[in-house]
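Visitor: Questions regarding the structure given below will be posed in turn.
The values are calculated or read from the model by the stated rules, or taken from the named source; none is laboratory data. Remember, it's a predicted structure, so these values are computed and weren't measured experimentally. Heads up, the Cβs are rebuilt from the backbone with ideal geometry, glycines too, and the neighbour counts pull from every protein chain shown.
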Amino acid sequence: MYNYRMVTDDLYWVGADEHRLALFENIHPLYHGVSYNAYVLLDEKTVLFDTADWAVGRQFIANVKAVLNGRPLDYLVINHVEPDHAASIEEILLRWPQVKIITTPKAVTLLNQFGFGLDPNAIEEVAEGDTKCFGKHTVAFVYAPMVHWPEAMVTFDTTNGVLFSADAFGSFRSLDGKLFADEFDFDREWIDDARRYYTNIVGKYGPQVVALLNKAANIVGLDNIKYLCPLHGPVWRKDLGYIIDKYTHWATYEPEEKGVMIVYASMYGNTEAAAEVLAAKLTARGVTNTRLYDVSSTHVSYLISDLFKYSHLVLASVTYNLGIFPPMHNFLMDMKALNLQKRTVAIMGSGSWAPRSGALMKEEIERLKNMTVLDEEMTVTSSLKADNESEIDALADAIAASVKGETK
Ligand code: FEO
């Protein structure tokens, strides 16, 4: 049974939800599913924008067939070839063998690498800024290299202001019968999934996202964009400024909020207890926008996501094999991989006979760009005791002053 939704009077969402996938890209946990979006335009020519993961291939094909309602499929525009979107191309070619593929030269190379065996005569390669008229609708193709793959492009329909934005403006979470971001309370129900998607999947490529946003502003004009149609998550038709503002923060690594994220690594609960004391002392100083995480029991994708949100980070880690506790080390490596910048960091090391984690964490943070490490570090020797109160007070004072903008 088909299950499509209308986006405009002649544009249809033909994607599908995936609820059974445990790990997106076999690494990021999905507790609320994900959608794979594709769109069909019914003009004088019929146009399919991207396909879908094969896990939802049957539903996707049923939707395309239902929308076409017996018409041939004339064009397939491929904005992004990652298999969660391109896996069903072969099925489209089998069912509509006359379809012409419109995509970038780099996408053709990658599609051949994936073994799709495309007929070169069926491909129309497009260059940056090329346009194509399908009847009433004329679209423009805008390259989006490294957002977050090299071949990516976005397609802008100049007739109705629809931007097919590939993975940009995408989100984790299945749609579950909704389609538009205004059909639920996005800021309450979805923003965390959108942030976790962006930061972990695209976060490394902030400069490229900024370049795309600038291109969209200069070539298309942000005011001319009336719909954002990403490859995952809801379609935006209202309050586009909200999600563009979020993207601007994330892409420039500017925190969304003044707040403190405390991430601790603790083997027997002593470093955890010290982190709790610090959290209470921050609250006592009026810093209440705080989050406390056990690095061992929180998937790193959630830590990265909140790190893009908050301005301040406290790293509290036990020493392990004379190094940083492995899950904390993994978190630090992920920060580096994702190009995290512009945060103020406080360090709390701990250990029983050779506590080295504090110095080592500081070294890792100082390898990142534009990071500030507070001078008031401390080391917990086995457990926090009353003797350490002045030290942890000094640490809390320094963090609170920084959050309130009283110091750096
Ligand atoms: Fe959703 Fe880059 O694929």
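Visitor: With respect to Glu128, is the statement that it is assigned to a loop (DSSP other than H, G, I, E, B) and away from the ligand (no atom under 16 Å from the Cβ) true?
Guide: Yes.
Visitor: Exactly one condition in (1) surrounded by fewer than 16 Cβ atoms within 10 Å (Cβ to Cβ); (2) under 21 Å from Trp13 (Cα atoms); (3) within 16 Å of the ligand (Cβ to nearest atom) is not met by Gln113; state its number.
Guide: All conditions are met except number (2).
Visitor: His80 versus (1) under 25 Å from Gly177 (Cα atoms); (2) under 30 Å from the mean Cα position of the chain (by Cα); (3) more than 14 Å from the ligand (Cβ to nearest atom): which is the lone unmet condition?
Guide: (3)
Visitor: How many residues are within 13 Å of the ligand (Cβ to nearest atom) and crowded, with 18+ Cβ neighbours inside 10 Å when one looks only at the range 134-148?
Guide: Of the residues in the range 134-148, 3 are within 13 Å of the ligand (Cβ to nearest atom) and crowded, with 18+ Cβ neighbours inside 10 Å.
Visitor: Name the one entry in Gly241, Gly203, Gly177 that is of a type in the set (Gly, Ala, Ser), assigned by TED's automatic domain parsing to the domain that holds Val142, out of contact with any Phe, Trp or Tyr (no Cβ under 7 Å at 6 or more places or on another chain) and assigned to a helix (DSSP H, G or I).
Guide: On inspection, the qualifying residue turns out to be Gly241.
Visitor: Checking Trp13 against (1) in contact with a Phe, Trp or Tyr (Cβ under 7 Å, 6 or more places away or on another chain); (2) away from the ligand (no atom under 16 Å from the Cβ), which single condition isn't satisfied?
Guide: Status for Trp13: all satisfied but (2).
Visitor: Pairs needed: first member in the range 85-97, assigned to a loop (DSSP other than H, G, I, E, B); second member anywhere, of a type in the set (A, V, I, L, M, F, W, C); C-beta distance under 8 Å; at least 6 residues apart or different chains.
Guide: Note: pairs meeting the criteria are Ala87/Ala52; Ala87/Trp54; Ser88/Ala52; Ser88/Trp54; Ser88/Phe60; Ser88/Ile61; Trp96/Leu73.
Visitor: Enumerate the pairs (first residue in the range 359-384 and surrounded by fewer than 14 Cβ atoms within 10 Å (Cβ to Cβ); second residue anywhere and of a type in the set (D, E, K, R) and assigned to a loop (DSSP other than H, G, I, E, B)) with beta-carbon separation below 6 Å, excluding pairs fewer than 6 apart on the same chain, so at least 6 apart or on different chains.
Guide: Close Cβ pairs (under 6 Å, with a partner that is of a type in the set (D, E, K, R) and assigned to a loop (DSSP other than H, G, I, E, B)) amount to Asn370/Lys342.
Visitor: Also, I was wondering about something else. Could you check the range 1-50 and list, in sequence order, the residues that are within 19 Å of the chain's Cα centre (by Cα), in a strand (DSSP E or B) and of a type in the set (Val, Ile, Thr)?
Guide: Listed by number, the list holds a single entry, Val34.
Visitor: Next question. Within the range 182-192, identify whether any single residue is touching an Asp or Glu at 6+ places or on another chain (Cβ under 9 Å) and within 14 Å of the ligand (Cβ to nearest atom), and answer yes or no.
Guide: Checking the range 182-192: not a single residue is touching an Asp or Glu at 6+ places or on another chain (Cβ under 9 Å) and within 14 Å of the ligand (Cβ to nearest atom).
Visitor: Criterion first (within 16 Å of the ligand (Cβ to nearest atom) and either over 23 Å from Glu18 (Cα atoms) or of a type in the set (Phe, Trp, Tyr) (or both)) does Leu94 satisfy it?
Guide: The answer is no for Leu94.
Visitor: Continuing with the same structure: Could you tell me how many of the residues in the range 111-125 are assigned to a loop (DSSP other than H, G, I, E, B) and among the small types (Gly, Ala, Ser)?
Guide: Matching residues across the range 111-125 total 2.
Visitor: Could I ask something else about it? Just for the range 334-359: of the residues that are part of a strand (DSSP E or B) and not hydrophobic (A, V, I, L, M, F, W, C), which one is nearest to Ala398 (Cα to Cα)?
Guide: Thr344
Visitor: Out of Lys45, Lys106, which single residue is farther than 29 Å from Asp192 by Cα, buried (at least 16 other Cβ atoms within 10 Å of the Cβ), within 16 Å of the ligand (Cβ to nearest atom) and modelled with pLDDT of 95 or more?
Guide: Lys106
For (1) within 26 Å of Val14 (Cβ to Cβ); (2) touching a helix residue (DSSP H, G or I) at 6+ places or on another chain (Cβ under 9 Å); (3) touching a residue at least 60 places away in the same chain (Cβ under 8 Å), each residue gets a yes or a no:
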{"site": "Ser171", "(1), (2), (3)": "yes, yes, yes"}
{"site": "Ser174", "(1), (2), (3)": "yes, no, yes"}
{"site": "Ala181", "(1), (2), (3)": "yes, yes, yes"}
{"site": "Asp187", "(1), (2), (3)": "no, yes, no"}
{"site": "Trp190", "(1), (2), (3)": "yes, yes, no"}
{"site": "Arg196", "(1), (2), (3)": "yes, yes, yes"}
{"site": "Gly206", "(1), (2), (3)": "no, yes, yes"}
{"site": "Leu212", "(1), (2), (3)": "yes, yes, yes"}
